[in-house]
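Just so you know, all these numbers are worked out from the coordinates, no wet-lab data involved. All figures in this text were calculated on a predicted structure; none of them were measured in a lab. For neighbour counting, all protein chains shown are included, and Cβ atoms are generated from backbone atoms with ideal geometry for every residue, glycine included.
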């Protein structure tokens, strides 16, 4: 089983004991607007916000990992899912809001959090060093009216656009929203919202987030060095897979080890976004590592990394996920009321009566010699009631399952994360 082998990562770092409690921030203004050069230098000072996103990321990933239906490779964008839920949370009240606050680790009407989201949104969309972008949108029914106060928050801090949709025609409504998702993800994410998820009478609002990234390695792999090498899958099967090599060079990479893991950072051009790869050592147990990952151990690992000469063997891989349905995962994390007839989202329209019927997610990633292309999208569908150091050379051979994250380096915010158990799938 895949849970008996170890993993590696792209944007976040992990390990040890599970998180205890949610991180919350004072409601004061801490001045997180982007600087004139387009970077958000003060974002990293608001540690509780990137910690909130990453805390959510690891908790949610465990739900993905422990679901027997998710056999094989796993990939998602915790940033996308968190953002879509945060927009939904802006309209929650009462017990619904309390539960969502506990799961997301944030507070409503928090000026600092709003400025953090605004600054990160601008950074991702205005940074000329990367081909990276994110977008948010609200899709209310043509006969459903949102509060202007709520619209103002979404437009101002999330950059969200409002477009009316006629849900009495589910096929046409799904096509309109899915076309938007495709356009925002370079046509990598298709059919996010199935027409069958839309009720022609009771669906009143869909909230969407999309994120796209394409980055080239700061040190690229030479295609002529790519060869077939053996990879042992999580089931113990041995396969020949296309494996990239970067060996016997003078390049130095951030690297560290724990008792159970080798951890390597591969930066993209610009050195502000990087992939973190977590490679289990022989005899380590993947289930224990993943189920004990948290943001604290992730941050500790980053702090311990040092520049090393590393011989790198990394399989090329592409992951195109199925449509993930996140309702049960989020209920397990502690927000059941939002999916029930007792939900209170009166902050959306001033009336209430809506609950979450579906939280849907799709993601895509391709890793090759030049770099990485990744995209993801999330939809929240709402309806009326009627869910080490040293100088010696290191060998980093990804010839068995690994976990990865892709993150914004300054804040540590995880944008994508996943697991490769079979690169040939």
Using a 7 Å offset from the Cα along the Cα-to-Cβ direction at both residue 259 and residue 187, what is the distance between the two label points in nm, to one decimal?
5.1 nm
What nm value, rounded to one decimal, do you get for the distance between residue 129 and residue 143 when each label is placed 7 Å out toward the C-beta?
5.2 nm
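Just rank 77, 424, fewest to most, by other beta-carbon atoms within 10 angstrom.
424, 77
Using r as the Cβ-Cβ distance of residue 95 and residue 424, and R0 as 56 Å, what FRET efficiency do you calculate, to the nearest 0.05?
Values: r = 47 Å, r/R0 = 0.84.
Calculated transfer efficiency: 0.75.
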What's the exposure ranking of 300, 51, going from fewest to most Cβ atoms within 10 Å?
300, 51
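For the chain, what is the mean residue ellipticity at 222 nm derived from helices alone (per DSSP H run of n ≥ 4: -39500 (n - 2.57); sum divided by total residues; nearest 500 deg cm²/dmol)?
-8000 deg cm²/dmol
Could you sort the peptides 121-133, 347-359 by per-residue average Cβ neighbour count (10 Å cutoff), highest mean leading?
Details: 121-133: 17.1, 347-359: 20.3.
Answer by packing, highest mean first, reads 347-359, 121-133.
Just rank 320, 223, 214, fewest to most, by other beta-carbon atoms within 10 angstrom. Write down the numbers at each step before the final one.
Values: 320 15, 223 10, 214 18.
Starting with the residue having the fewest Cβ neighbours, the order is 223, 320, 214.
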Indicate, rounded to the nearest 5 percent, the antiparallel portion of the DSSP beta bridges found entirely in the stretch 131-229.
75 percent
Using a 7 Å offset from the Cα along the Cα-to-Cβ direction at both residue 163 and residue 370, what is the distance between the two label points in nm, to one decimal?
2.8 nm
Contour excess over end-to-end distance, with Cα ends at residue 332 and residue 249 and 0.36 nm allotted per residue
25.2 nm
Expressed in angstrom and rounded, the centroid-to-centroid distance over alpha carbons for the stretch 140-194 and the stretch 52-119 is 19 Å
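Efficiency by 1/(1 + (r/R0)^6): what FRET value for residue 102 and residue 66, r their Cβ-Cβ distance, R0 = 22 Å, to the nearest 0.05? Mind dumping the intermediate values first?
Values: r = 20 Å, r/R0 = 0.91.
E between residue 102 and residue 66, to the nearest 0.05, is 0.65.
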